[in-house]
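Below: the structure, in structure tokens.
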Amino acid sequence: MRELITPPDSILEPSTGAARAGSYRGELPRVDLSPLALRRLDRLLRHKRWTYVAIASDEVFIAVGVVHLGYLALVFGVVFDKAGRRLLVDRSTFGPPFAASVGDVGGEGSSARAWLPRAQVRIERPRGESRVAVAAAFRGLALEARLDSRAAPPALSAIAQAPRGALIATEKRLLLGVEGEASVLGRRISLDGSLASYDYTSGLLPRRTAWRWGLVLGRAESGERVGLNVGEGFIGDAECALWIEGDLIPLAEGRFTFDAARPLDPWRVRTADGAVDLRFVPGAAHSNHTNLGLVVSEFLQPIGLYSGTIRVPDGRVLELRDVLGVTADQDITW
């Protein structure tokens, strides 16, 4: 099992400009990619960054995201009803690049905003604050929440160098406490006591990028708060981890088995070493199938329930039963 070490003070080695590749326990430093893309046109075309927040309550799973592609912005908001296993809200919209912003840090001091006619999102954690303020307004969804990191385990950060000069920096944090509420199709839903996660990613990405991803937020049958982030492709096991109460445990790379022609049939989500062995039953899916010439997106994110086992290094075996989460299958040319 790989070791998680203290994050560096910069993502690049000052003397060589090489990426300080690795997996880290804690928040990323400022993600400054300008030394790797000196020309403005390179940054415009290659720099992609996003912030994704998910909240899982006893009733619903809510996800909002701000994605900045350099020359285009994408904003989305989704609400999944756990009991009915259906989407209550599914909104996404593109806009010009000046209509959204994603900052250069993921934790303290972070900011992601979008101000489009049909979508307004604000995700911010001011310097010196432990709480992330999240506000979102879409047709059918109004969200006001505060995500508290004080009782949450540390963030997982990863820096990876990819072929052809690509560099990816990502920060994930799970099991944040939640206070707030959402208005969904006119119905008020308290989010107090829910669990939340955020994903901040910034990088100079390959023209075509494909990966699979899974997120779990909830409690094991034995009562522990459990969060899981696994990926296949992209940066491999560097972003894969398990959060249990206050602990952060690195994992091997994910393995996803599903029928691409029938993506709402059950999936199997495992890790390469077998420590994670879960069955994921989708209820519905948020998707984006776009061909704008410059951008071609095949993006599918089913939302549903996980069941199965997770083997912990100390010998425990955690059992999950109907725990909220998502999977994703993404193949994007951007």
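Filtering segment 291-321 to residues that are part of a strand (DSSP E or B) and either among the aliphatic types (A, V, I, L, M) or without any contact (Cβ under 8 Å) to a residue 24 or more places away in the chain (or both) leaves Asn291, Val296, Leu300, Ile303, Leu305, Ile310, Val317, Leu318, Leu320.
It is to be established whether one or more residues within segment 185-195 are modelled with pLDDT of 95 or more and under 17 Å from Val326 (Cα atoms). Checked against the condition, which is being modelled with pLDDT of 95 or more and under 17 Å from Val326 (Cα atoms), segment 185-195 yields at least one hit.
Considering segment 189-261, the qualifying strands (runs of 3 or more DSSP E), each wholly inside and each with 3 or more residues that are aliphatic (A, V, I, L, M) and surrounded by 22 or more Cβ atoms within 10 Å (Cβ to Cβ), run over 208-219, 225-233.
Selection within segment 62-85: residues that are of a type in the set (D, E, K, R) and in a loop (DSSP other than H, G, I, E, B). The member of this set that is farthest from Glu181 (Cα to Cα) is Arg85. Is it true that some residue in segment 297-320 is under 29 Å from Asp148 (Cα atoms), surrounded by fewer than 17 Cβ atoms within 10 Å (Cβ to Cβ) and among the acidic types (Asp, Glu)? Within segment 297-320, one or more residues are under 29 Å from Asp148 (Cα atoms), surrounded by fewer than 17 Cβ atoms within 10 Å (Cβ to Cβ) and among the acidic types (Asp, Glu). Residues that are among the hydrophobic types (A, V, I, L, M, F, W, C) and surrounded by fewer than 22 Cβ atoms within 10 Å (Cβ to Cβ) within segment 47-59 comprise just one, Trp50.
For every residue, the table says whether it meets (1) closer than 30 Å to Arg225 by Cα; (2) buried (at least 19 other Cβ atoms within 10 Å of the Cβ); (3) modelled with pLDDT of 95 or more.
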position: Ala18; (1), (2), (3): no, no, no
position: Leu45; (1), (2), (3): no, no, no
position: Ala63; (1), (2), (3): yes, yes, yes
position: His68; (1), (2), (3): no, yes, yes
position: Phe76; (1), (2), (3): yes, yes, yes
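The residues of segment 96-137 that are assigned to a strand (DSSP E or B), buried (at least 17 other Cβ atoms within 10 Å of the Cβ) and more than 20 Å from the chain's Cα centre (by Cα) amount to a single one, Leu116. The single residue among Ala210, Ala160, Ala155 that is over 16 Å from the mean Cα position of the chain (by Cα) and hydrophobic (A, V, I, L, M, F, W, C) turns out to be Ala160.
The values are calculated or read from the model by the stated rules, or taken from the named source; none is laboratory data. Quick caveat: nothing in here was measured; it's all calculated off a predicted structure. As a convention, Cβ positions derive from the backbone with ideal geometry for all residues, glycine included, and neighbour counts pool all protein chains shown.
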